[in-house]
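The values are calculated or read from the model by the stated rules, or taken from the named source; none is laboratory data. Bear in mind that the values here come from a model prediction, so they are computed numbers and not experimental data. Positions of Cβ are generated from backbone atoms using ideal geometry, with glycine treated the same way; all protein chains shown enter the neighbour counts. Side chains included, ligands, DNA and RNA excluded: accessible areas come from the protein's heavy atoms. Shrake-Rupley method; radii C 1.70, N 1.55, O 1.52, S 1.80 Å.
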Amino acid sequence: MSVQVPASISAETVEEISAARDEPEWLLERRLEALDSLDSLDLPDVIHTPGRRWTDLESLDFEELVDPRDQSDETVRESVEGATVLSFEEALDEHEDLIKEHFGSVVDPERNYLTALSTALFTTGTVIYVPEGVDVEDITIRAEMNSRSLFSHTLVVTEQSSSATILESIESGDEVDGDRFFSNIVEVSAGENSYVQFGSLQNLDQDTYHITLKRGVTDTYSTINWIEGNIGSRLTRSDVETALDGEGSETKVVGAFFGHEDQHLDINARVWHNAESTTADLVTRGVLDDVARSVYEGVQDVGQDAWNTSSYQRENTLMLSDDSEADASPKLIIKNHDTEASHSATVGQVDQEDLLYMTSRSIDPNTARNMLVEGFFVPVLEEIDVEEFREDLSELIIARLD
């Protein structure tokens with residue numbers, strides 16, 4: 001289903017955005033190409049069964065939500081010695097050739113309506129470049145959204161035998177009347193034998209519609225690990241993907257979400273095994289309370305030439321309310337016989353026997369429930385190597401329980 005382009009978005013709008021940032025001609029051309037494609041592009045696919053689409057993206061009022069001339073954020077980037085960590089605008093001055101080579105090479109701007117819209121209109125973002133043989137940790141990007149709409153683009157490039165650990169977070173800043181819209185595209189290009197761990201933590205207010213697509217491509221023997229934490233927003237559509245294009249490459253996708261009130265979370269983890277001897281592990285845990293609902297899709301696609309593949313997936317959702325809803329659709333697509341793979345998904349409520357045992361030991365029911373929820377998240381928290389991210393996520397979970 002194609003979507004009408006808001007009247008506030010035109011070639012002149014895009015040219016104004018580009019001129020204000022003094023961008024090179026090639027980037028303006030890519031923005032305009034993305035803009036031109038909007039009329040022919042559909043919204044991203046969502047899980048649906050006869051008579052029901054589990055996530056209603058069609059009802060998003062882009063005319064009301066998107067104000068391309070009013071985008072404002074407060075972003076703090078903490079760089080480390082040996083790596084380039086710059087705003088997109090600054091990076092174009094110092095690394096234009098690098099950006100020109102990699103921008104749009106991992107995420108096709110014309111993949112769908114939302115990616116094209118974000119490519120045409122983005123005004124903030126970060127470029128991270130790690131040269132050959134350099135190891136860096138503790139790269140942090142902390143952003144506040146201070147406007148009705150905001151479009152962001154992050155590009156990560158690691159050269160051969162380098163490594164980077166990155167934490168990106170977004171929360172709401174200045175109050176804005178009405179609904180908000182935040183879009184975030186992340187592209188990761190991992191060079192031969194390099195390692196990237198990218199953590200993302202979202203705690204936007206519940207007037208915000210949050211759309212994110214994070215995608216990485218591996219080279220030979222490289223690793224891309226993702227950590228995705230979703231706590232805030234009214235509606236989240238999160239896609240985290242890795243294309244294992246290099247022999248012996250690996251990926252891990254660790255996800256956690258906690259929905260309450262009327263939040264809706266559409267969580268997707270996908271991996272493509274395109275080369276020999278690749279490994280993937282997808283781990284997601286979520287909790288739902290009140291009338292919140294979640295939709296999860298996990299895809300492991302093993303190609304014909306992906307011999308000696310190992311691919312695993314597990315998703316668990318804990319329901320704290322009889323009125324919350326959860327749907328899960330784990331998928332295995334295997335095109336050769338030299339594959340070891342598994343997938344599972346569970347939806348359940350707090351174990352009543354555990355709750356009874358704890359209350360019989362003089363723990364009040366609410367405290368007992370909260371302890372069980374915290375324990376439910378432990379397997380995911382243990383998968384998170386970045387201490388700062390683990391602590392931030394744990395604090396947000398505890399705050400939600402309180």
Discussion item. Sort 155-162, 248-255, 75-82, 14-21 by the packing proxy (mean of other Cβ within 10 Å over each peptide's residues), most packed first.
Written reply: 248-255, 155-162, 14-21, 75-82
Worksheet item: So how long is each side of the range 43-194 along the principal axes, counting just the alpha-carbon atoms, biggest first, in Å?
Response: 52, 38, 25
Worksheet entry | Given charges at Cβ of Lys, Arg, Asp, Glu: the range 78-132 dipole, positive-most of 104, 126, 82 | 104
Fill in: Amide hydrogen neighbours beyond the local backbone of residue 341, cut-off 5 Å, H modeled
311
Worksheet item: Once amide H atoms are placed 1.01 Å from N in the peptide plane, what residues at a sequence separation of 5 or more from residue 205, or on another chain, have their amide H within under 5 Å of its amide H?
Response: 172, 233
Worksheet item: What ³J(HN,Hα) values, in whole Hz, does the Karplus curve 6.51 cos²θ - 1.76 cosθ + 1.60 give for the range 115-132 when θ = phi - 60°, with x put for Gly and Pro?
Response: 5, 5, 4, 5, 5, 5, 10, 4, 10, 9, x, 9, 10, 10, 10, 10, x, 4
Fill in: Count of lysine pairs in the chain with Cα separation under 20 Å (8 or more residues apart, or interchain)
4
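Take the Cβ-Cβ distance between residue 332 and residue 366 as r, set R0 to 41 Å, and report the resulting FRET efficiency rounded to the nearest 0.05.
On the way: r = 40 Å, r/R0 = 0.97.
After rounding to 0.05, the efficiency reads 0.55.
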Worksheet, complete the sentence: For residue 125, other-chain or 5+-apart residues with amide H closer than 5 Å (H placed, Pro excluded) are 88, 153
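Placing unit charges on C-beta atoms (Lys and Arg positive, Asp and Glu negative, everything else neutral), compute the dipole magnitude of the range 89-240 about its Cα centre in debye, rounded to 20.
Working: 9 positive and 28 negative charges, 137 e Å.
Result for the range 89-240 is approximately 660 debye, rounded to the nearest 20.
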Worksheet item: Got a sec? Charge dipole of the range 241-389, +1 on Cβ for Lys and Arg, -1 for Asp and Glu; which of 265, 344, 371 is way out at the positive end?
Response: 344
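Carbon-plus-sulfur fraction of the accessible area of the chain, 1.4 Å probe, in percent? Numbers along the way, then the final one.
Details: 6820 of 16650 Å².
For the chain, the apolar C and S fraction of the accessible surface comes to 41 percent.
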Worksheet item: From the residues 359, 311, 277, which one has its Cα farthest along the dipole of the range 257-380 in the positive direction, the dipole being from +1 and -1 charges on Cβ of Lys/Arg and Asp/Glu about the Cα centre?
Response: 277
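With a 1.4 Å probe and all protein chains left in place, how much accessible area per residue does the chain have, in Å²?
On the way: 16650 Å² over 402 residues.
Each residue of the chain exposes 41 Å² on average to a 1.4 Å probe.
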Worksheet entry | Segment residue 39-residue 356, extension gain: residue separation times 0.36 nm, minus the distance between their alpha carbons | 108.4 nm
Worksheet item: Using the alpha-carbon centroid of each, what span in Å lies between the range 346-367 and the range 297-332?
Response: 27
Worksheet item: Taking the range 57-121 on its own, what percent of its Cα-Cα pair distances exceed 16 Å?
Response: 65
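If Rh is defined by the Kirkwood formula over all Cα pairs and Rg also comes from Cα, what ratio Rg/Rh do you get for the chain?
Details: Rg = 20.9 Å, Rh = 21.7 Å.
For the chain, the value is 0.96.
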Worksheet, complete the sentence: Residue by residue through the range 343-354, the couplings from Karplus 6.51 cos²θ - 1.76 cosθ + 1.60 with θ = phi - 60°, in Hz, x for Gly and Pro, are 8, 7, 8, 9, 10, x, 9, 4, 5, 5, 5, 5
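Using just the helices of the chain, give the 222 nm mean residue ellipticity in deg cm²/dmol: DSSP H runs with n ≥ 4 each add -39,500 (n - 2.57), and the total is spread over all residues, rounded to 500.
Numbers: 9 runs with 91 residues, N = 402.
Helices in the chain give a 222 nm mean residue ellipticity of -6500 deg cm²/dmol.
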Worksheet, complete the sentence: Label model pair residue 26, residue 385: point-to-point distance (7 angstrom along the Cα→beta-carbon line) in nm is 3.3
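Rule-of-thumb check for the range 322-396: C-alpha Rg over 2.2 N^0.38 Å? Don't skip to the answer; put the middle values down first.
Working: Rg = 17.6 Å, N = 75, 2.2 N^0.38 = 11.3 Å.
Normalised Cα radius of gyration, the range 322-396: 1.55.
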Worksheet item: Between 364, 61, 93, which gets the highest mean-square fluctuation from a Gaussian network model of the chain, Cα cutoff 10 Å?
Response: 364
Worksheet entry | Derived scalar couplings ³J(HN,Hα) [the range 388-400; Karplus, 6.51 cos²θ - 1.76 cosθ + 1.60; whole Hz; x for Gly, Pro] | 4, 5, 4, 5, 4, 5, 4, 5, 5, 5, 5, 4, 5
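Quick one: of the DSSP bridges fully inside the chain, what percent are antiparallel, nearest 5?
Details: 13 of 145 bridges.
Bridges in the chain are about 10 percent antiparallel.
Nearest 0.05, what FRET efficiency do residue 395 and residue 100 give at R0 = 51 Å with Cβ-Cβ as r? The partial results should precede the final answer.
Numbers: r = 40 Å, r/R0 = 0.78.
After rounding to 0.05, the efficiency reads 0.80.
Only four residue types carry charge here, +1 at the Cβ of Lys and Arg and -1 at the Cβ of Asp and Glu. Report the dipole size of the range 1-87 about the Cα centre in Debye, rounded to the nearest 20. Don't skip to the end; give the middle numbers.
Details: 7 positive and 23 negative charges, 75 e Å.
Result for the range 1-87 is approximately 360 debye, rounded to the nearest 20.
What's the magnitude of the charge dipole for the chain around its Cα centre, counting Lys and Arg as +1 and Asp and Glu as -1 at the beta-carbon? Answer in Debye, nearest 20. Walk me through the numbers before you get to the answer.
On the way: 27 positive and 86 negative charges, 260 e Å.
With only Lys, Arg, Asp and Glu charged at Cβ, the dipole is about 1240 debye.
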